[in-house]
Amino acid sequence: MPCDDTAGFRTAGDHHADGRHRADDRHRADGSPEPGDWHVLAGLDDFLARAGAFLRSEPALHTVPLTVTEALRTRGPHVHGDGAPEFGVLEREGAVRAAFLRTPPHRLHLTSATGAQAEALAARLADPGRPLPGVIAGRRTAAAFAGAWRHRTGATVTLHKEQRLYRLGTLTVPRPSPPGRPRTAGPADRDHLVRWYGEFCAAVGETAVRAPAAWADARIERGDVTFWEGPDGAPAAMACTTPEIAGQVRVGGVYTPPGLRGRGCAGAATAAASRAALAAGAREVLLFTDLADPVANRLYRRIGYRPVADFAVYDFG
């Protein structure tokens with residue numbers, strides 16, 4: 001997703017996807033999904049009416065579309081970009097089997113789908129007048145859609161990154177704890193947040209979804225940035241959280257400036273933000289990591305996060 005958010009590795013999400021693929025394949029004897037099985041919907045209200053229960057049936061796997069649709073509902077249709085958001089569902093036998101959404105100019109986000117379903121969606125969307133910069137989905141779903149998109153459009157397809165979704169088990173504060181304490185970022189920290197937001201987006205190679213000042217103002221208003229500050233009172237790291245939706249909060253935007261890294265401040269900020277989310281009533285706390293960053297993956301496991309599912313992000317040229 002835009003910046004706000006191993007071979008053989010099997011997770012709860014992968015097992016579920018395997019089961020769903022087998023169940024859908026039983027129907028393919030009657031014909032593979034057609035592009036027309038995918039319904040492009042008129043807007044957010046229609047999407048939530050038709051896909052809301054489906055998304056909430058597995059909220060961890062659907063954390064991104066749940067978070068994005070909540071932001072669109074509460075903050076307006078252009079919170080993630082100037083283009084009109086796009087939504088769709090695949091319905092079979094009276095039930096939603098998969099869904100997608102996109103907030104232009106950003107990538108398509110697709111829920112778990114069979115290869116045939118992903119190919120049918122690529123055929124449905126492959127229109128010269130519909131530019132598509134990429135896709136985010138579970139590993140196999142993303143690969144299937146990316147391959148079908150390349151076949152349909154001739155676009156260059158590049159694997160941008162692979163991510164792992166984690167769920168917090170038992171929170172364990174990393175030891176030794178760095179000197180300092182956690183605190184919530186407030187109005188006096190606005191300039192700090194503006195600067196760090198830009199630095200964070202550049203560090204992770206993603207596009208800022210909002211003007212940095214607007215992002216900082218919204219975060220301060222919601223109180224969802226946890227700083228770890230040093231003994232001198234200066235922030236040394238931050239960890240952000242999303243608003244609670246479907247009983248879940250997602251930690252993201254974990255950042256430490258280069259000169260302060262290696263001191264344990266990011267882990268301390270993440271643990272503090274996770275504890276605050278639980279204290280505020282979240283039933284589950286989630287986060288994504290870049291699989292190319294082994295240090296971060298080890299850190300989050302030490303804090304108590306456990307793997308849920310793997311995702312892939314593709315760019316289309």
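Quick rundown of the values:
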read-out: Candidate set: segment 32-68, residues that are more than 12 Å from the chain's Cα centre (by Cα) and hydroxyl-bearing (S, T, Y); chosen: the one farthest from A99 (Cα to Cα); value: S32
read-out: Scan of segment 53-72 for residues that are under 16 Å from Q248 (Cβ atoms), touching a helix residue (DSSP H, G or I) at 6+ places or on another chain (Cβ under 8 Å) and part of a helix (DSSP H, G or I), ordered by number; value: L55, R56, P65, L66, T69
read-out: Residues of segment 238-271 satisfying the condition of being under 21 Å from the mean Cα position of the chain (by Cα) and among the small types (G, A, S); value: A239, A246, G247, G252, G253, A266, G267, A269, A271
read-out: Options T289, T242, T270, T256: the member that is hydroxyl-bearing (S, T, Y), open to solvent by less than 20 Å² (accessible area, probe 1.4 Å) and more than 20 Å from L193 (Cβ to Cβ); value: T289
read-out: Of the criteria (1) surrounded by 19 or more Cβ atoms within 10 Å (Cβ to Cβ); (2) within 19 Å of the chain's Cα centre (by Cα); (3) at pLDDT 90 or above, which one G13 fails; value: (3)
read-out: Pairs, first on the phi > 0 side of the Ramachandran plot in segment 68-83, second modelled with pLDDT of 90 or more, C-beta under 9 Å, six or more apart; value: G81/T103; G81/P104; G81/P105; G81/H106
read-out: Leading residue by the ranking (least open to solvent (accessible area, probe 1.4 Å)) among those in segment 199-237 that are touching a strand residue (DSSP E or B) at 6+ places or on another chain (Cβ under 6 Å), closer than 22 Å to T74 by Cα and among the hydrophobic types (A, V, I, L, M, F, W, C); value: V225
read-out: Filter result for P307 (surrounded by fewer than 18 Cβ atoms within 10 Å (Cβ to Cβ) and under 16 Å from the mean Cα position of the chain (by Cα)); value: no
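The values are calculated or read from the model by the stated rules, or taken from the named source; none is laboratory data. Computed from a predicted model, the values in this text were never measured in an experiment. Note that we place each Cβ from the backbone using ideal geometry, even for glycine, and neighbour counts take in every protein chain shown. What goes into the accessible areas is simple: the full protein's heavy atoms, side chains included, and nothing from ligands, DNA or RNA. Shrake-Rupley method; radii C 1.70, N 1.55, O 1.52, S 1.80 Å.
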